[in-house]
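Report on one structure; see the data block that follows.
The values are calculated or read from the model by the stated rules, or taken from the named source; none is laboratory data. This is a predicted model, so every value here is computed, not measured. Cβ: placed from backbone, ideal geometry, glycine included. Neighbour counts: every protein chain shown. Remember, those area values only see protein heavy atoms, side chains included, never the ligands or the DNA or RNA. Shrake-Rupley method; radii C 1.70, N 1.55, O 1.52, S 1.80 Å.
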4 protein chains.
Amino acid sequence: MGLSGWSLPLSPGGGAALVPPPPWHFSGEALGIDFRGDPEAVAAVLPAGLEPVGDGSASFVFCEWSSSADHDPRLIADPARGQYHEAYVAVAARLEGTSVARVPYIWVDNDLSFARGHIQGFPKKAGAIAITRAVAVGRGGPRLEAGATFHGQVSGLGVQLARGSVTLEEPAPEGFIPRALRLPVWHTRLVPDLAGGPPLVHDLARNLVTDFAVADVWTGAGRLELFGSEFEELAALAPVEVTGGFRGSVAFTIVGAEVRTAGPGA
Amino acid sequence: MGLSGWSLPLSPGGGAALVPPPPWHFSGEALGIDFRGDPEAVAAVLPAGLEPVGDGSASFVFCEWSSSADHDPRLIADPARGQYHEAYVAVAARLEGTSVARVPYIWVDNDLSFARGHIQGFPKKAGAIAITRAVAVGRGGPRLEAGATFHGQVSGLGVQLARGSVTLEEPAPEGFIPRALRLPVWHTRLVPDLAGGPPLVHDLARNLVTDFAVADVWTGAGRLELFGSEFEELAALAPVEVTGGFRGSVAFTIVGAEVRTAGPGA
Amino acid sequence: MGLSGWSLPLSPGGGAALVPPPPWHFSGEALGIDFRGDPEAVAAVLPAGLEPVGDGSASFVFCEWSSSADHDPRLIADPARGQYHEAYVAVAARLEGTSVARVPYIWVDNDLSFARGHIQGFPKKAGAIAITRAVAVGRGGPRLEAGATFHGQVSGLGVQLARGSVTLEEPAPEGFIPRALRLPVWHTRLVPDLAGGPPLVHDLARNLVTDFAVADVWTGAGRLELFGSEFEELAALAPVEVTGGFRGSVAFTIVGAEVRTAGPGA
Amino acid sequence: MGLSGWSLPLSPGGGAALVPPPPWHFSGEALGIDFRGDPEAVAAVLPAGLEPVGDGSASFVFCEWSSSADHDPRLIADPARGQYHEAYVAVAARLEGTSVARVPYIWVDNDLSFARGHIQGFPKKAGAIAITRAVAVGRGGPRLEAGATFHGQVSGLGVQLARGSVTLEEPAPEGFIPRALRLPVWHTRLVPDLAGGPPLVHDLARNLVTDFAVADVWTGAGRLELFGSEFEELAALAPVEVTGGFRGSVAFTIVGAEVRTAGPGA
């Protein structure tokens, strides 16, 4: 008797829950543009507890994800469930002297990813995202080769928010991990209370990640435009200088979270 | 300085937040089918603390909503933001002797509604929903008149979950409020903790509602089919008997929530 | 034996065809902004055979349609099939001394409407369209009353193409028909030949319309912005002056077409 | 002066046209299930001029396409424009003693592909299509390896139409081309005349294809289900026996068409 489910919806058999418990596995094709924004604007998206690096360094990443979960085989068995597109901006920061990152804004096109993200503290919104796929044969799209250009774009509520591209130059050296992917990301978990009063949840958290891997990483020249929208403050982070670009396969597993108390303004 | 927002995403100016604080106003066109499901199956979707009515009475409602918020004029100014479609099943229950309702399953097509719903405890998933609109002139669709049939359908992940219809018979008597709309709905607010351990939030809550109004309510003959899906347990609630149908305009304002402790299995 | 269908796909039973034969019935809620564009730009979207009016007069219309067909009851029975949103620009022109209109650009969100439009000569593309609905009760959206503002927007491929609004001032006089709705629209029917050579179809056509009706028409102050897109030439028609706005219910039936030979450049 | 464009919409600069002229290049990842349907049902979807093979042999293919065009660099530069998903059934047939194929039903999720398909005679409708992607690293999805299962599904108007899967067994021998990809497909080009009378275009056509290539083809065990829908006749082709499965990269270029007169019932 009783209702089951790690997340809503609860149901008698537990089969209706949107989000299964971790471990969660992620494999994706990432397209990233490294840039420097206005240092003050980049500092302004950090919560209390994170310190700005000072040079406005940031990355915009488009990613086509496949996801699965140890406790729910339905995710990998249904591409409409486990696969999705994502676009986000990550800014560099420091936490007690270590290099970390913060993702102030992120969009996805899948409700599982949306809900799973909010459980982590990713401030996800729905977006329409398109990312160039690499082709294996023919001329319908670019191949993984020098000179090939890969594009990404994201829109929300019918308004384009960002678009970028990377023209591949050369395979990255063995062991290279793009900056945008290698820093721990500290999120704010925030659940408002409709009954009034302070938030029900308000802390800082980062994912505990295992089995991080990259493959077929190329570096190249990046281009990036961030656009204005009355529903976003993304444009304040517009690039002053684009410093690099990459495209590659990436994977990791999320097994849990580390949590810290959030200060005011977090 | 610091970050602002009643919900994620937090931002320097507070303009990126997905969900503004209440009061929230809702105006919609609702199409509802009242039915009796298998009493045991209906009882099985109730959390600890709610008692079954015993006759399996329930309603399936399709609704086309317009929403606004006192503290965010952008919702009413952008139809892509404030408007959405919703489909849900509500079952009758009792709480300490009073008649209440429970919405075990619900789908929407808008991320604001999704996030706002989870703050209330509505266990929303994304769905593709289509509902017949009433037309004012011509023969492109049905008018609000006896004999006109209005249809609703919802699918998730490419699989049809429910479809129903109501053929209007007569305007409802003055003061009539469809059962599916008049009972307080008790939700489970549930936020899992990625760091392990018990949920961060786990209680029972109902919305505090003001300014409830209906208009142009018609009653009529309903039809309803609930379909199987490997991601849902909805089909267990399939109608044994359809007992009625209605179509009408409905509105209310949500100003807050009343909260109770959740027992085990809630 | 043999395959049946007025349009593709042909099938043994004729039930797979996307578009049924006329008569087709349309009932909609239209939001229109009348404006004057650059006269040369407006003249430039006319095919040979149509003469410019000279003052750049045009209208942008957002419409939420319900459609049905005498020979296919499935359209009115499934709201996912018969209902859709549309956005288009219409420019005034003259044909042999009579006032006509031309729709150079139009977007819809439904494949039936897309295919049915191309059969007429409407040059439809897919778009994401949102239009404010009028509410009957409550404060979730605007009512049909003086001072209420209705918005429309259309995007294609994730880029906003147009947005406009009308603030209602007063009900239109009895018998008033918005200019954007009352002129016959002359289309170019054009079907290219993949085998090379001239188009398989290339002529001018207008719909034969019966049972035209309007209701609840209000006039008011309009606002309109047309945006650039690398896939469109819409922005060339950007308003020099907005001359009016309206919102109302509209209906008509299409029973056939009148066809003329197209000249070069049509 | 005058209007330009190989397809609608015509525009002063020719930049608004939805479909550019050939050559068109296609590169895709195809997932196919070979099966035998009821021989009479399979024969019944052939137009006059095509003879049934007699054993009901057919294939269902899910494909994720990238497309480009020599005369329109915008297709490859915008992933929202050139990339799309497709699902179709192809049945084997004979034309004057040679082996050919016929695609009676096909769905896509992109308006360029929709319009380009109808120009060829592909009877495309809009569908929601999801196909498992191969991953390069990690456990978020399957890799190209023995035992990995890839899934495809398509829905239309919120109703699931088909789903299938292939569990990879071994790489196909060098030079192997899946049957579903190697036969010329004969289409019916059909354009109804809204002005009444016979269709404006009604013939049989096949694409002229160059640069056909496949890579990374695996064969394996297939599974396929075709579902009923009141808007389709697909379910009549439901598999009596699934005879094989494959997954691989495929590419070709369409440079034109060969056309034949259509007989009655074509």
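Across the identical copies, the 7 Å label point of B:ARG143, projected outward along Cα→Cβ, sits 2.3, 6.5, 6.7 nm from its counterparts, in ascending order.
Residues whose amide H falls under 5 Å from that of B:ALA162, counting only those 5 or more places apart or on a different chain, are B:VAL154, B:PHE227, with hydrogens built in the peptide plane. Considering only B:ILE33, B:ILE119, B:ILE106, the mean-square fluctuation computed in a Gaussian network model of chain B, springs between alpha carbons under 10 angstrom, is largest for B:ILE119.
Accessible surface buried by the A/B pair amounts to about 5000 Å², both sides summed, 1.4 Å probe. Taking a sphere under 12 Å around the Cβ of C:ALA262 and counting the other residues whose Cβ falls inside, with K and R at +1 and D and E at -1, yields a net charge of +1. For A:ASP216, the shell of other residues with beta-carbons less than 15 Å away shows a net charge of -2, using +1 for Lys and Arg and -1 for Asp and Glu. Highest mean first, the peptides A:250-260, C:179-189 sorted by other C-beta atoms within 10 Å per residue fall in the order C:179-189, A:250-260. What the phi angles of the range B:180-187 give under the Karplus curve with 6.51, -1.76 and 1.60, with θ = phi - 60°, is a coupling list of 5, 9, 9, 8, x, 9, 9, 9 Hz, glycine and proline written as x. For the pair the range D:194-266 and the range D:78-154, the centres of their Cα atoms are 10 angstrom apart. Summing charges over all other residues whose Cβ lies under 12 Å from the Cβ of D:ARG102, with Lys and Arg as +1 and Asp and Glu as -1, gives +1. Averaged over its residues, the protein assembly as shown has an accessible area of 33 Å² per residue, based on protein heavy atoms and a 1.4 Å probe. When the P(r) is computed for the range A:57-191, the part past 26 Å accounts for 32% of the Cα-Cα pairs.
Distance between the modelled labels on B:GLU258 and C:ARG260, one decimal in nanometres: 7.0 nm (7 Å Cα→Cβ projection). Taking 30 Å as the straight-line reach from the Cα of C:LYS124, the lysines in range (excluding those fewer than 8 positions away in the same chain) are A:LYS125, D:LYS124, D:LYS125. Between B:ALA16, B:ALA41, B:ALA235, which gets the highest mean-square fluctuation from a Gaussian network model of chain B, Cα cutoff 10 Å? Highest fluctuation among the options: B:ALA16. Across every pair of non-identical alpha carbons in the range C:9-96, the mean reciprocal distance, once inverted, gives a Kirkwood radius of 15.6 Å.
Ranked from largest to smallest solvent-accessible area, with a 1.4 Å probe on the protein heavy atoms, A:ASP72, B:ASP211, D:ASP38 come out as B:ASP211, D:ASP38, A:ASP72. Close amide H partners of A:ASP193, meaning residues 5 or more places away or on another chain with modelled amide H under 5 Å apart, are A:LEU200. Phi angles across the range A:121-129 convert, under the Karplus curve 6.51 cos²θ - 1.76 cosθ + 1.60 with θ = phi - 60°, into 3J(HN,Hα) values of x, 5, x, 6, 10, 6, x, 9, 10 Hz, Gly and Pro given as x. Rounded to the nearest 0.05, what FRET efficiency do D:VAL209 and C:SER4 give with R0 = 45 Å and r taken as the Cβ-Cβ distance? Could you check? My answer for the efficiency is 0.95. For the rotational copy pair B/C, the chain B residue whose Cβ lies nearest the symmetry axis, together with its distance in Å, is B:ARG133, 4.
Note on the range C:10-56: with neighbouring protein chains present and a 1.4 Å probe, carbon and sulfur make up 53 percent of its accessible heavy-atom surface.
Each Cα pair of chain D feeds into the Kirkwood radius, which the Stokes-Einstein equation turns, at 20 °C and 1.002 mPa s, into a diffusion coefficient of 111 µm²/s.
Residues of the range C:131-167 that bury at least 50 Å² of accessible area once all protein chains are present, compared with their chain alone (1.4 Å probe, heavy atoms only, ligands and nucleic acids left out), are C:ARG133, C:VAL137, C:ARG139, C:GLY140, C:HIS151, C:GLN153, C:LEU157, C:GLY158. Scanning residues 5 or more positions from B:GLY256 or on other chains, those with amide H under 5 Å from its amide H are B:LEU208, with H placed 1.01 Å from N in the peptide plane. The residues of the range A:19-35 listed by number as losing at least 40 Å² of accessible area in the complex, against the isolated chain and with a 1.4 Å probe, are A:HIS25, A:SER27. For the protein assembly as shown, the C-alpha radius of gyration divided by 2.2 N^0.38 Å, with N the number of residues, is 0.91. Of the solvent-accessible surface of the range D:181-266, computed with a 1.4 Å probe over protein heavy atoms with every protein chain present, carbon and sulfur atoms account for 54 percent. Surface composition of the range D:77-154: carbon and sulfur make up 50 percent of the accessible area, probe 1.4 Å. If you run the Gaussian network model on chain A, springs between alpha carbon atoms under 10 Å, then out of A:GLU96, A:GLU169, A:GLU225 the most flexible one is A:GLU96. Find the Cα radius of gyration of the range A:49-107, compare it with 2.2 N^0.38 Å by division, and give the number to two decimals. Cα Rg divided by the expected 2.2 N^0.38 Å: 1.53. The relative contact order of chain A, computed from alpha carbon pairs under 8 Å that lie at least 6 residues apart in sequence, is 22 percent. Across the range C:77-88, computed HN-Hα scalar couplings (Karplus, 6.51 cos²θ - 1.76 cosθ + 1.60, θ = phi - 60°) run 8, 10, x, 5, 8, x, 9, 6, 10, 9, 9, 7 Hz from first to last residue, x flagging Gly and Pro.
Let me check against my output: what whole-number percent is the relative contact order of the range A:12-143, with C-alpha pairs under 8 Å and at least 6 apart?
Working: 249 pairs, mean separation 26.2, N = 132.
Computed value for the range A:12-143: 20 percent relative contact order.
Interface burial in the range B:180-204 reaches 30 Å² or more for B:ARG189, B:LEU190, B:VAL191, B:PRO192, B:LEU194, B:ALA195, B:LEU200, B:VAL201, comparing the full protein assembly with the chain by itself; accessible area from heavy atoms with a 1.4 Å probe. Taking every DSSP helix (H) stretch of at least 4 residues in the protein assembly as shown, weighting each as -39,500 (n - 2.57) and dividing the sum by the residue count yields a mean residue ellipticity at 222 nm of -2000 deg cm²/dmol.
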